[in-house]
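Student: If you scroll down you'll find the structure; I have some questions about it.
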Amino acid sequence: LRSSHSPRKRFGQNFLIDQHIIAQIVHAISPQKHQHLVEIGPGQGAITQPLVTEVDKLDVIELDRDLIAPLHQLFAAQKNITIHQADALTFDFSILTNEKKSLRVVGNLPYNISTPLIFHLLTFTDYISDMYFMLQKEVVNRLTAKRGTSDWGRLSIMVQYHCQADAIFNVPPEAFQPAPRVQSAIVKLIPHEKLPLVANNYSHFANLVRDAFSQRRKIIRNSLKEKVSDEIWQQANINSQLRPEQLSIEDYVNLSNILIGL
Ligand code: SAH
């Protein structure tokens with residue numbers, strides 16, 4: 001890999017250099033000929049190169065203008081790749097396909113935008129079959145957390161409302177150039193075929209979860225005092241003396257559905 005480009009902190013650039021880790025990522029994704037992949041933040045093509053030869057179609061989305069010409073050069077011979085110079089945070093992923101559940105999204109994401117980017121991608125789950133992301137390990141722990149643990153929070157609930165979330169493997173800082181200060185891990189997100197639980201008013205549900213976790217140490221009766229009366233707690237069959245991390249997704253969905261039905 002050539003490297004005239006010096007990594008930029010503001011774009012969250014930590015380029016993968018460990019070929020063994022790159023091979024492990026590709027193996028986990030297991031790309032197949034007829035598939036349509038989307039890579040967010042291809043950088044200098046570390047993961048792009050082994051992926052592009054495996055699939056029919058690969059769209060890559062890169063924000064850093066200085067990386068666009070080198071990417072075009074690197075993939076000049078590949079007809080199946082489309083390079084988009086764009087911000088993934090505002091990118092309309094639905095323009096890439098006419099087929100539902102067709103996109104396989106991958107990325108070694110800039111850690112500073114990983115949470116908003118995942119929230120953005122959750123609005124396109126109709127078009128996405130699965131997602132594989134390299135993230136800060138701590139974020140992977142939150143995405144895959146179980147109810148009742150200290151990692152269970154707004155991110156776990158909103159992501160697991162839409163997706164099955166599984167941690168795949170850890171990646172040490174030395175796998176990157178420059179090495180990040182934190183441990184990393186790969187997470188796999190598979191949007192549910194059909195939502196197991198449905199919030200009748202999604203933004204109400206999202207706001208309720210946000211408010212419940214706004215003061216994690218408080219009991220939910222106090223954090224949600226403005227929204228939820230004792231009568232409603234009873235109707236929802238939830239003990240209002242609990243802390244927000246002790247409630248399940250189903251509890252939050254039920255509570256939201258009762259409140260909007262009033
Ligand atoms: N996939 C490469 C690069 C990872 S670094 C590798 O593994 O080596 C993260 C990449 O995301 C960088 O190329 C950075 O420029 C790009 N990036 C940062 N913010 C972005 C955004 N908002 N939209 C798209 N790409 C972005």
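Student: Condition test on residue 166, is it within 24 Å of residue 54 (Cβ to Cβ), among the charged types (D, E, K, R), away from the ligand (no atom under 15 Å from the Cβ) and surrounded by fewer than 17 Cβ atoms within 10 Å (Cβ to Cβ)?
Tutor: Taking the combined requirement at face value, the residue satisfies it.
Student: So how many residues does segment 62-83 have that are out of contact with any helix residue (DSSP H, G or I) (no Cβ under 9 Å at 6 or more places or on another chain) and touching a residue at least 12 places away in the same chain (Cβ under 8 Å)? If you could, list the steps in order and put the result at the bottom.
Tutor: As a first pass, look at segment 62-83 and keep what is out of contact with any helix residue (DSSP H, G or I) (no Cβ under 9 Å at 6 or more places or on another chain): 65-66, 68-70, 72-73, 76-77, 79.
From what is left, the residues that are touching a residue at least 12 places away in the same chain (Cβ under 8 Å) are 65-66, 68, 70.
So the answer is 4.
Student: I'd like to check which strands (runs of 3 or more DSSP E) are fully inside segment 1-110 and have at least 2 residues that are over 25 Å from residue 181 (Cβ atoms) and within 10 Å of the ligand (Cβ to nearest atom).
Tutor: Fully inside segment 1-110 and qualifying: 57-62, 81-85.
Student: Would you point out the residue of segment 111-124, among those that are aliphatic (A, V, I, L, M) and within 12 Å of the ligand (Cβ to nearest atom), that is nearest to residue 137 (Cα to Cα)?
Tutor: Looking at residues that are aliphatic (A, V, I, L, M) and within 12 Å of the ligand (Cβ to nearest atom), I get 113.
Student: Can you go through 183, 177, 164 and tell me which one is more than 19 Å from residue 210 (Cβ to Cβ) and without any contact (Cβ under 8 Å) to a residue 40 or more places away in the chain? Spell out how you get there, then give the answer.
Tutor: Values: 183 fails: without any contact (Cβ under 8 Å) to a residue 40 or more places away in the chain; 177 fails: without any contact (Cβ under 8 Å) to a residue 40 or more places away in the chain.
Just a single option satisfies the conditions, and that option is 164.
Student: In this structure, is residue 147 part of a helix (DSSP H, G or I) and among the basic types (Lys, Arg)?
Tutor: Working: part of a helix (DSSP H, G or I): no; among the basic types (Lys, Arg): yes.
The answer is no for residue 147.
Student: Moving on to the next point. Can you confirm whether segment 125-132 contains a residue that is in contact (Cβ under 8 Å) with a residue 12 or more places away in the chain and within 16 Å of the ligand (Cβ to nearest atom)?
Tutor: Within segment 125-132 (the criterion being in contact (Cβ under 8 Å) with a residue 12 or more places away in the chain and within 16 Å of the ligand (Cβ to nearest atom)), the answer is yes, since at least one residue qualifies.
Student: I'd like the full set of residues that are part of a helix (DSSP H, G or I) and either surrounded by fewer than 16 Cβ atoms within 10 Å (Cβ to Cβ) or among the acidic types (Asp, Glu) (or both), limited to segment 205-226.
Tutor: 207, 210, 211, 222
Student: While we're here: Name the one entry in 161, 132, 127, 111 that is surrounded by 14 or more Cβ atoms within 10 Å (Cβ to Cβ) and modelled with pLDDT under 95.
Tutor: 111
The values are calculated or read from the model by the stated rules, or taken from the named source; none is laboratory data. Just so it is clear, the model here is predicted, and its values are computed rather than measured. With ideal geometry, Cβ positions are generated from the backbone for all residues, glycine too; neighbour counts draw on all protein chains shown.
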